[in-house]
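A quick write-up on the structure given underneath.
We did not get these values from a lab; they are worked out from the coordinates using the rules stated. Keep in mind it's a predicted model, so treat the numbers as computed, not measured. Because the Cβ atoms are built from the backbone with ideal geometry, glycine has one as well, and the counts that use them run over all protein chains shown.
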Amino acid sequence: MKPSVRYKLNLAYCGANYFGWQVQVAGATWKGARPKTGKLRTVQGVLTEHIGRIVGHPVTVVGSSRTDTGVHAKGQVAHFDTTSVHIPPEGLRRAVNNRLPDDVVINTIVEVPSPNPDTHRGGFDAIGDAVHKRYQYLIWHSLNRNVLMEHLAFHRWHDVDVDAMAAGAAHLVGTMDYTSFCRPGHGRESTVRTISDCSVSQRGKLIVVSVAGNGFLWNQVRIIVGTLVEVGIGRFKSDDIRHMLDARDRRAAGSTAPSHGLYLQWIQHRLNRGRGEPV
């Protein structure tokens, strides 16, 4: 058996031209032009293709977070295994980046512990070792659209009470059941999550919603943002957030904000105990 190494990637991408992170095929109900390969264009698919060409064998790129169609990432984390141990990590990073589209870039590649070759257990796992994530959502608050941010921020021209949004966001911090703030059909056994921070700030014409926690349900951040925007325009009061949480019913919360304003900002993983440093 050839020796193998596991690499951790930290990467960024603009999700405007992708059907999310995860590889997926155009199903029977697909209405657009059907891709020749049957697969939709995804970030995972693009990375898998180009990394595999550089290392000379098929690879499986495992991402920490399955971002949806149109969602961007500043700090996505992934891992893959390769037997091409002769390629230095920095040389590999440059070679792959040279082939990747302009809207995807690998910022770092580092070697991390590999699973036990006999048990296939242990080692760094981009999904299993993730303990904390932060998302940002950008809202362009102006009468006029910003054509340079058409696919990068959600445009709202209505008067928005940012202080009311911030007060509503405070009710979402804690460990609780977020059924009202996730899309039905999520497939998770539990809808209890821990949100360590949910805050709203304004930077000129940009309203920034930041949400951090130990994990998120399907569309959870986008539903949080959509609901807070409706608090800001007066449809809901900030204290209504408590009643929405208690209802444990998606119909009790507000709308789902569009995907193009959402950014995966960073992901933290468990310590690599063997080296005593964060991975």
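Against the empirical curve 2.2 N^0.38 Å, the C-alpha radius of gyration of segment 5-128 lands at a ratio of 1.08. Averaging the sequence gap over all C-alpha pairs within less than 8 Å and six or more residues apart, then dividing by the number of residues, gives the chain a relative contact order of 22 percent.
Both radii are taken from the alpha-carbon atoms of segment 131-265; with Rh as the Kirkwood radius, Rg/Rh is 0.95.
Put in order of Cβ neighbour count within 10 Å, fewest first, the listed residues Asp159, Asp125 become Asp159, Asp125. Charge dipole of the chain (Cα centre as origin; +1 on each Lys and Arg Cβ, -1 on each Asp and Glu Cβ, all else neutral): 660 debye, rounded to the nearest 20.
Give Lys133/Lys205; Lys2/Lys74; Lys133/Lys237; Lys2/Lys133 a once-over and call out the pairs whose C-alpha atoms are over 31 Å from each other. From the list (Lys133/Lys205; Lys2/Lys74; Lys133/Lys237; Lys2/Lys133), the Cα-Cα distance tops 31 Å for Lys2/Lys74; Lys2/Lys133. About its Cα centre, segment 131-265 has a charge dipole of approximately 340 debye under the convention of +1 per Lys or Arg Cβ and -1 per Asp or Glu Cβ, with nothing else charged. Can you work out the base-10 log of I(q)/I(0) for segment 195-240 at q = 0.14, 0.27 1/Å, using the Debye formula on its C-alpha atoms alone? Cα-only, vacuum Debye calculation for segment 195-240: -0.37, -1.12.
Over all distinct Cα pairs, what is the inverse of the mean 1/r for the chain, reported as the Kirkwood hydrodynamic radius in Å?
Numbers: mean 1/r = 0.0494 Å⁻¹.
About 20.2 Å, per the Kirkwood formula over Cα pairs.
Summarised in one figure, the compactness ratio Rg/Rh of segment 65-104, Cα atoms and Kirkwood Rh, is 1.03. Mean separation of Cα pairs under 8 Å and 6 or more residues apart, divided by the residue count, gives segment 131-265 a relative contact order of 37 percent. Farthest toward the positive end of the dipole of the chain, out of Gly204, Ala73, Gln136, is the Cα of Ala73, where the dipole comes from beta carbon charges about the Cα centre.
The C-alpha radius of gyration of segment 34-91, expressed as a fraction of 2.2 N^0.38 Å, stands at 1.27. Which shape class, rounded, prolate or oblate, goes with segment 137-194 when its Cα gyration tensor gives a ≥ b ≥ c as root eigenvalues, a/c under 1.5 marks rounded, and past that a/b bigger than b/c marks prolate? Oblate, because a/c is 1.5 or more while a/b does not exceed b/c.
As a test of the formula, what do you get for the chain when each DSSP H run with n ≥ 4 contributes -39,500 (n - 2.57) and the sum is divided by the residue count, at 222 nm and rounded to the nearest 500 deg cm²/dmol?
After summing the helix terms and dividing by residue count, I get -6000 deg cm²/dmol.
When +1 charges are put on Lys and Arg Cβ atoms and -1 charges on Asp and Glu Cβ atoms, the dipole computed for segment 1-143 relative to its Cα centre reaches about 360 debye.
Which residue, chosen from Ala252, Gln24, Val112, occupies the Cα position most advanced towards the positive end of the dipole of the chain, where the dipole is computed from +1 (Lys, Arg) and -1 (Asp, Glu) charges on Cβ about the Cα centre? It is Gln24.
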